Amino acid sequence: MANETVLVTGGSGYIGGWCIIPLLQQGYTVRTTVRNLSREAEVRARLATQTSTDKLTFHTADLMADAGWDAATEGCDYVLHVASPLGVGGATVADLVPPAREGAKRAVAAAIRAGVKRVVLTSSVAATSPPNDSPQGTTDETVWTNPAGKGVSAYQQSKTLAEKAAWDLIASAGGTTTMATVHPALVLGPVLGPDYSESVQVVERLMRGRIPGIPRLGFNVVDVRDVADMHLKAMLAPEAAGERFIAAHDFRWMTQIADTLRAKYGDRITRRQIPDLVLRLVALFDKDLQEVVPGLGRRREFSSAKAERILGWAPRPVDQTVLDCAESLIAHKLA
Ligand code: NAP
């Protein structure tokens, strides 16, 4: 391992950053892509709060352009393709699908040309979801989201189509480069600075009171550090080649996340709940909310049993993840 090189795309991002940290700590040489090298100093300073960044270099590559991908990938042993836009806030298919799918194709094609041993693609449980009107229950990696299904969001489409395109490229190359995919549920945990992922808003809005009340929504939660750990395990395990792995720990309703926070931070965390009907009405005028409406009151769970069995993945307790997330927001004066 000592002389191996890993490219992590999207080092400015939440999961990308937390993937780079353990790789550097374990002695890998790490490259990361950003859209603009002007971000290097800021991103490097953020990562340097956790580990030495001497073996980290920055490369320019945009998911929407061919330039830079070969230069970033040439000579690498592994590629973790993490970069992709998130879909909160009314983003459309046109906003999300091209960077996700064309970007995945660019990153994976460059990895194949460079002859890397393994690509780990960050997909999502958005790509392992049964139809919205199917009965509640627990889903695993055998399920593929139908991108043309009723009520399937632009983000779900982007993650599903990107992953499918990546598997197709690996299959048609037929070479020695293998791939594994990691499918996180709602990612929380410590933020490294103010540029955190949209998923963190679940805790940030509760902490800052930036929420009129708590909607009847629930998710499997997973710690960003455990998501990174799964990427590293999927990169190395021979048995991971050709496999999809869900990264999801326990299910929590938002009211339960609020209870965990209230136990530590007191009554600044609201108890008020939003009736489904009110949220549905507000969503008629608020694009941000339209995406959450199908999930109201629905307990759709995702299982990581496969990752636990094959990769020996062992996530930390969800309450710790929630509290570490809140503490980091306070430390960075974001809550
Ligand atoms: P994030 O913090 O918003 O990071 C997204 C990363 O993608 C950033 O580095 C961003 O770069 C990069 N990116 C976006 N558009 C790009 C483009 N056109 N060209 C190059 N880079 C681009 O979000 P995250 O939570 O870490 O998400 C990382 C991955 O995890 C994504 O694939 C996402 O779908 C997946 N995921 C996240 C969650 C979650 O709950 N957070 C759950 C499941 C899956 P800039 O800094 O330049 O914008």
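The values are calculated or read from the model by the stated rules, or taken from the named source; none is laboratory data. Small disclaimer: the values here were computed from a predicted structure and weren't measured. Neighbour counts run over all protein chains shown; Cβ positions are idealised from the backbone, glycine included. Protein only, heavy atoms only, side chains kept; ligands, DNA and RNA dropped before computing areas. Shrake-Rupley method; radii C 1.70, N 1.55, O 1.52, S 1.80 Å.
Some points to look at:
- For region 188-211, a residue qualifies if it is within 28 Å of Arg39 (Cα to Cα), open to solvent by 10 Å² or more (accessible area, probe 1.4 Å) and of a type in the set (A, V, I, L, M), and the qualifying residues are Leu192, Val202.
- Within region 237-263, tally of residues that are among the aliphatic types (A, V, I, L, M), surrounded by fewer than 23 Cβ atoms within 10 Å (Cβ to Cβ) and not in a helix (DSSP H, G or I): 2
- Flag if Leu192 is part of a helix (DSSP H, G or I) and modelled with pLDDT of 95 or more: no
- Total residues in region 287-315, condition among the acidic types (Asp, Glu) and open to solvent by less than 50 Å² (accessible area, probe 1.4 Å): 1
- If only residues of region 71-110 that are among the acidic types (Asp, Glu) and in a loop (DSSP other than H, G, I, E, B) are counted, the one that is surrounded by the fewest Cβ atoms within 10 Å (Cβ to Cβ) is Glu74.
- Residue within region 206-223 that is over 13 Å from the mean Cα position of the chain (by Cα) and acidic (Asp, Glu) present: no
- Single residue of Val116, Val120 found to be part of a loop (DSSP other than H, G, I, E, B), closer than 16 Å to Gly242 by Cβ, open to solvent by less than 20 Å² (accessible area, probe 1.4 Å) and touching a helix residue (DSSP H, G or I) at 6+ places or on another chain (Cβ under 9 Å): Val116
- Scanning region 154-163 for residues that are surrounded by fewer than 23 Cβ atoms within 10 Å (Cβ to Cβ) and under 22 Å from Asp288 (Cβ atoms) yields one hit, Ala154.
- Lone qualifier among Glu239, Glu204, Glu198 - being over 27 Å from Ala45 (Cα atoms), in contact (Cβ under 8 Å) with a residue 24 or more places away in the chain and charged (D, E, K, R): Glu239
- Selection from region 212-225 of residues that are within 12 Å of the ligand (Cβ to nearest atom) and open to solvent by 20 Å² or more (accessible area, probe 1.4 Å): Phe219
- Candidate set from region 10-32 (those that are near the ligand (Cβ under 7 Å from one of its atoms) and hydroxyl-bearing (Ser, Thr, Tyr)); member that is nearest to the chain's Cα centre (by Cα): Tyr14
- Selection over region 121-159 of residues that are charged (D, E, K, R) and either within 17 Å of Pro98 (Cα to Cα) or at pLDDT 95 or above (or both) gives a count of 3.
- Selected residue (criterion: farthest from Arg113 (Cα to Cα)) from residues of region 38-70 that are among the aliphatic types (A, V, I, L, M) and either outside any helix (DSSP H, G or I) or near the ligand (Cβ under 10 Å from one of its atoms) (or both): Val43
- Checking Ala234, Ala166, Ala228, Ala180 one by one, the residue that is in a strand (DSSP E or B), small (Gly, Ala, Ser) and either open to solvent by 10 Å² or more (accessible area, probe 1.4 Å) or within 15 Å of the ligand (Cβ to nearest atom) (or both) is Ala180 and no other.
- Just one of the listed residues (Thr49, Thr92, Thr60, Thr29) is farther than 26 Å from Leu192 by Cα and not basic (Lys, Arg), and it is Thr92.
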